[in-house]
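One structure is given below, encoded as structure tokens.
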Amino acid sequence: MKLERPPRREAGTLPKAPTGIEGLDQITLGGLPRGRPTLVCGGAGCGKTLLAMEFLIRGATQYGEPGAFIAFEETGEELAQNVRSLGFDLDKLVADNKISVDHIHVERNETSALPPVHADPDLISQLLLGLLGNAAEAMVAGGTIRLHASAANGVVQLHVSDSGPGVPAEIRERIFEPFFTTRSRGTGLGLAVARQIVEAHGGRIAVGAADSGGARFTLTLPAAASVLAA
Ligand SMILES: Nc1ncnc2c1ncn2[C@@H]1O[C@H](COP(=O)(O)OP(=O)(O)OP(=O)(O)O)[C@@H](O)[C@H]1O
Ligand SMILES: [Mg+2]
């Protein structure tokens, strides 16, 4: 059997943001895709945080690109301590406005007695990640995201609340329209797609105010038993 070499990847076909990390820019032909998300996966302790931190710090110090780090586990002090071992002074970069570090605490209620729901797990994960992303972007100085699930009358409800500024009552319906955004770099498609996903599952999504005054998104999905009975 003759093995053929895979075709050589051409550099420059996708705009790249150099990481400045020795070796990584060589094997990725220039760095991480510019302007696109990069998902770094791996078990606890495998170095995801340090990789992301080093990318941001080198971007800020070597390539003039300020960055923001949102941590769900470590606090700002813990992060500063971790990267000190790599020779970086995170506190100084924060003081010089080159990096901003926010810590968001995620609280969730552990409910074991929820009825099953017929749903596409990838689509529902995409939707929830969009809501979490919106909450994180709204809480510019960090804060708390609360995830709460409950069930009643044949439906399961998921609530995502944050401690940000909230959604003003006058734009609460408009935020679900395609291309409605108040963010300079937003597409305004996140919630429009979220609504489509929920409605395709026979459910609905609504926004209100959380006890903290922030936004509270409620996802209502029919429980599997009520779909079968219908
Ligand atoms: N948790 C939240 N707190 C305050 N405002 C929010 C929140 N979530 C959404 N919004 C408002 O709803 C608008 C629309 O959100 P949507 O996710 O559709 O688009 P976007 O976040 O602006 O853009 P993209 O999703 O492309 O980044 C936002 O621009 C913002 O004004
Ligand atoms: Mg969004």
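Values quoted throughout were computed directly from the atomic coordinates according to the rules given, and no laboratory measurement underlies them. Just so it is clear, the model here is predicted, and its values are computed rather than measured. Positions of Cβ are backbone-derived with ideal geometry, glycine not excepted, and every protein chain shown enters the neighbour counts.
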**Prompt:** If you take the square roots of the eigenvalues of the alpha-carbon gyration tensor of region 39-105 and sort them as a ≥ b ≥ c, do you get rounded (a/c under 1.5), prolate (a/b over b/c) or oblate?
**Reply:** prolate
**Request:** List the longest stretch of the chain that has no exposed loop site; here a site is one of the chymotrypsin sites (Phe, Trp or Tyr not before Pro) assigned by DSSP to anything other than H, G, I, E or B, with at most 14 other Cβ within 10 Å.
**Result:** 73-178
**On Cα atoms only, tilt of 190-200 relative to the major axis of the chain in degrees** = 40
**Whole-number percent relative contact order across the chain, with pairs defined as alpha carbons under 8 Å at least 6 apart** = 14
**Message:** Just to confirm the number: angle between the C-alpha axis of helix 48-62 and the first principal axis of the chain, 0 to 90 degrees, nearest 10?
**Reply:** 60
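Would you work out if region 105-175 is rounded, prolate or oblate? Take a ≥ b ≥ c from the square roots of the eigenvalues of the alpha-carbon gyration tensor; rounded if a/c is under 1.5, else prolate when a/b is larger than b/c, oblate otherwise.
Working: a/c = 1.83, a/b = 1.58, b/c = 1.16.
Here region 105-175 falls in the prolate category.
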**In region 54-97, GluC sites (Glu not before Pro) in a DSSP loop with at most 12 other beta-carbon atoms within 10 Å** = 73
**Request:** Between the alpha-carbon centers of region 193-213 and region 127-183, tell me the distance in whole angstrom.
**Result:** 8
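Pairs of Cα atoms under 8 Å, at least six residues apart: use those to get the relative contact order of region 109-229, whole percent. Provide the component values of the computation, followed by the final result.
On the way: 203 pairs, mean separation 37.0, N = 121.
Rounded, it is 31 percent for region 109-229.
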**Prompt:** How much length, in nm to one decimal, is gained on full extension between residue 112 and residue 21, taken as 0.36 nm per residue of separation minus their Cα-Cα distance?
**Reply:** 28.4 nm
**Item:** Which of 201, 189, 218, positive extreme of dipole for region 162-230 (C-beta unit charges)
**Value:** 189
**Prompt:** For region 39-105, what relative contact order do you get, as a whole percent, if you take Cα pairs closer than 8 Å and at least 6 residues apart?
**Reply:** 36
**Message:** Test of the criteria: in region 124-230, which trypsin sites (Lys or Arg not before Pro) are in a DSSP loop and have at most 12 other Cβ atoms within 10 angstrom of their Cβ?
**Reply:** 183, 185
**Request:** Give me the Debye-computed log₁₀ of I(q)/I(0) at q = 0.11, 0.12, 0.14 Å⁻¹ for the chain, equal point scatterers on Cα only, no solvent, two decimals.
**Result:** -0.73, -0.84, -1.04
